Each structure stands twice: as structure tokens, then as C-alpha cells.
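Heads up: the structure comes next, in C-alpha cells.
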Amino acid sequence: MLNKLMKRAQRKQSKSDSDVYGNSPPANRVSESVSTSNIVANHGAAVSSPNNTGPPVQKPVSGGSTAPVEPLPMIRDVPVSERQILFLRKCQVCCFQFDFTDTLKMVREKEIKRLNLVELVDYVQSGSGKLTESNQEEMIRMISVNVFRCLPPSSHEHTGSENTETEEEEPYLDPSWSHLQLVYELLLRYVMASDTDAKVAKRFINHSFVLKLLDMFDSEDPREREYLKTILHRVYGKFMVHRPFIRKAINNVFYRFTYETLRHNGIGELLEILGSIINGFALPLKEEHKLFLVRALMPLHKPKSVAMYHQQLSYCIIQFVEKDNKLADTVIRGLLRYWPITNCQKETLFLGELEEVLEATQATEFQRCMVPLFKQIARCLNSPHFQV
């Protein structure tokens, strides 16, 4: 009896629905059917608004993702009054993530996203229209979705060997670089743009964003690290309020590398940024900067993989000595402290760096460290290694 009553109630409800909506399904069912048709039947067509007056809208599907990427009009083809809205929609489309391990999967959608990214870069670079705050926020959100990701395991994590690169090793190249490069280029152009107000942009490029950007320096792809280096340097130059935080965050990366992991792919790039920063330090040097030399830079001589970044490290050290001659004694004693015992390759690097430091050292500072310095040089002269 209960089953019969339930079936009768369902038939009545179905009939009333049809009567109310003029033999049509309810509004919520309409939206569901449209969404489904866009995924299956209309896969090759854009999702348009009911009266076809605006750009197509990406309909959400279950799981929080968006419907398959569909073409949008070009920004230059719509009236000026609609360009900000279209820019926002293009950012939303570019949030869609693809699997680049399968080159034959969703080829058309990947190309649509790539073209949208190219257009976003051109729009920001041209300065043809100042972005609204909401568009800036959405753009940074899209950039974050694409850039801040879990990096694949490094080669040394598979083998368990030290992270020491050789010229014979082929660098890892990210398969998604065709999209990733454009996203980085968009971020770079946004930071560099003269009409980007730092007071507004710092709400989106905040401390959390900077920390995530630093995390990406561990990427094995040298192309990505090069972009990151340029972008972080530009961020440091444009956002004065972030400068102390960026220096401290880089310090922390060095601490973790030196005393914990001993593995990081981006130490050289971070040192290149610091070389430029140190070059701009005002005189007399702050105590904070001197502590940075002693606590962060000098210990970087300790890891076995120092050869990977020694050129950049040596440049930073020399910058300090040239700015303040009194630091020569500190640097030379630091080198002697971390002087290698059984690694002849490192020893030759140290000797080269020591030569550059001594050229910038005054007689007063040299006399302070002369005795321990010549004891080490005497040991080097007795080395069985011909280069040493």
C-alpha cells in the first residue's frame, strides 16, 4: 500500500511540473540539460548567453571544474566597455588544467587556452586598458592555479645520489611549458607594467604569493627557474614593502638547504638575485646585512654541491668585501673554516675565490688573518693533487 501511494504522488508531482512550466522541465533541470549538452552534444560550439549578446560563458560541472574550454571572442573585437568582462572570462578559462603527459589528449582545448594566454599577455603588455582590481585579483588567481603546483620528484630522489649536476645530464623539461611560459610571461608583464599600482597589486602579490613563488625555484626545468629569477627580482624592485620579507625568505631557503636537505635546484638563481640586491646596499652596511653574510652566505660553502652555484656565491661574497673592507677578515676566516679536506675540486674553487677576496683586501685586514691563511696555503702546496 505504501509503495502505491508513493508512486501515485510521484505521478502527480510530475504532472504538476509539466503544467506549471508549460510542458517544460523546471529551471534547475534546464540548466542541468544545458550543461550536459555543452559537454557532449555541443562539444565543438561555444556556450552562449540566451540572447547571444555576449561572449560564451564557461558552465561549471560536477567536481568544481569547468566545462571543456571553448573559444571566446578576441578582446580587440569587442567594444571597449565589454573588454574588462571578456578579460575576466578569459582568465577563468585559463584556470582549466590539462594533462600534458598525453600529447593527443584535448589538443583543441589546449590550443584554445594557449591562444587565450597569448592574448592576455598582449593586452597587459600593450597597456591598452587599465585592469580593474577584480580583474587583477582574478588574473593572479589564475596564475597561481597554473604555476603553484606539486613539482615532480627530482632525479636525485629516484637514485638517492647527491644533487650534483654534470654537463652530460640532460635537464628536465616540463611538458606543460607551452602554457606555463605564457603564464610566467603574463605575471612578468603585469609586474613590469607602468600602470600597475604597487599599492593595489600588493594585496594579490602578498607574502603568501612570494613564498609559493620561492617554492617553485626547486623546479628542475632551467627555463622555469630563469623566469622565476627575473620575476622575483622585479617584484623586489617594485614592492618596497616586501623587500625585508623577501630577503628573510631567501635566507630561510638557504638555511634549509645547508642544514637540512642539502638538495635544491634554484640556489644559483637565488644567489644571482641577491648579487644584484647586495650591489644596491647603502653604506654603511646594516648589521642585518652583515649577519646575512655570516649566517647564510658563508655556510653555503659547506655542501658538496657547491660547484653548482659557486660562481654566483663568490660574486656575492666579493660584493660584500668591496663595499666594506673590514669584512675581508670575516670572509677569509669563514673560507678557512669550511675549507675542504678530501675534495680537490672544491679546494680549487676555494683557492680561486680566495684570490679574488685577497685582491679586495686591505693590509690591515690581511694582517689579522695572515697566520692561519698561510698555514692553509702551506697545506695546499703539499697537496698531491696537481691542480691544487
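Conditions tested, residue by residue: (1) surrounded by 13 or more Cβ atoms within 10 Å (Cβ to Cβ); (2) modelled with pLDDT of 90 or more.
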| position | (1), (2) |
| --- | --- |
| His310 | yes, yes |
| Phe320 | yes, yes |
| Thr342 | no, no |
| Glu365 | yes, no |
- line: Filtering the range 244-289 down to residues that are within 18 Å of the chain's Cα centre (by Cα) and among the aliphatic types (A, V, I, L, M) yields Ile246, Ala249, Ile250, Val253, Ile267, Leu270, Leu271, Ile273, Leu274
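Hey, could you check the range 338-355 for residues that are touching a helix residue (DSSP H, G or I) at 6+ places or on another chain (Cβ under 8 Å) and free of Cβ contacts under 8 Å to residues at least 40 places away in the same chain and say which is nearest to Ala307 (Cα to Cα)? Write out each step before concluding.
So the first thing to find is which residues in the range 338-355 are touching a helix residue (DSSP H, G or I) at 6+ places or on another chain (Cβ under 8 Å), and the list is 338-340, 343, 345-347, 349-354.
Now restrict to residues that are free of Cβ contacts under 8 Å to residues at least 40 places away in the same chain: 339-340, 343, 345, 351-352, 354.
Values: Trp339: 14, Pro340: 12, Asn343: 11, Gln345: 8, Leu351: 13, Gly352: 12, Leu354: 15 Å.
Only one residue tops the list, namely Gln345.
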- prompt: Only one of (1) buried (at least 20 other Cβ atoms within 10 Å of the Cβ); (2) under 30 Å from Leu131 (Cα atoms) fails for Phe292. Which number is that?
  reply: (2)
query: Do the conditions hold for Ser128, that is, is it at pLDDT below 90 and not assigned by TED's automatic domain parsing to the domain that holds Leu182?
result: no
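Only one residue in Glu356, Glu347, Glu365 is assigned to a helix (DSSP H, G or I), assigned by TED's automatic domain parsing to the domain that holds Ser276 and within 24 Å of Ile273 (Cα to Cα). Which one? Quick ask: steps written out before the conclusion?
Details: Glu347 fails: within 24 Å of Ile273 (Cα to Cα); Glu365 fails: within 24 Å of Ile273 (Cα to Cα).
None of the other options fit; the residue is Glu356.
Being buried (at least 17 other Cβ atoms within 10 Å of the Cβ) and assigned to a helix (DSSP H, G or I) is the filter here; which residues of the range 200-214 pass it? If you could, list the steps in order and put the result at the bottom.
The first filter runs over the range 200-214 and keeps only residues buried (at least 17 other Cβ atoms within 10 Å of the Cβ), leaving 201-202, 204-205, 209-210, 213-214.
Answer for the range 200-214, where residues must be buried (at least 17 other Cβ atoms within 10 Å of the Cβ) and assigned to a helix (DSSP H, G or I): Ala201, Phe209, Val210, Leu213, Leu214.
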statement: If we keep only residues of the range 244-287 that are charged (D, E, K, R) and in contact (Cβ under 8 Å) with a residue 24 or more places away in the chain, then the residue nearest to Gln312 (Cα to Cα) is Glu272
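Filter the range 334-349 for residues that are within 17 Å of Tyr315 (Cα to Cα) and among the β-branched types (Val, Ile, Thr) and give the result.
Within the range 334-349, the first condition is being within 17 Å of Tyr315 (Cα to Cα), and the residues that meet it are 334-335, 346, 348-349.
Passing the criteria: only Thr348.
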message: I'd like to know if the range 85-98 contains one or more residues that are in contact with a Gly (Cβ under 9 Å, 6 or more places away or on another chain), surrounded by 15 or more Cβ atoms within 10 Å (Cβ to Cβ) and part of a loop (DSSP other than H, G, I, E, B).
response: no
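The values are calculated or read from the model by the stated rules, or taken from the named source; none is laboratory data. All figures in this text were calculated on a predicted structure; none of them were measured in a lab. Note that we place each Cβ from the backbone using ideal geometry, even for glycine, and neighbour counts take in every protein chain shown.
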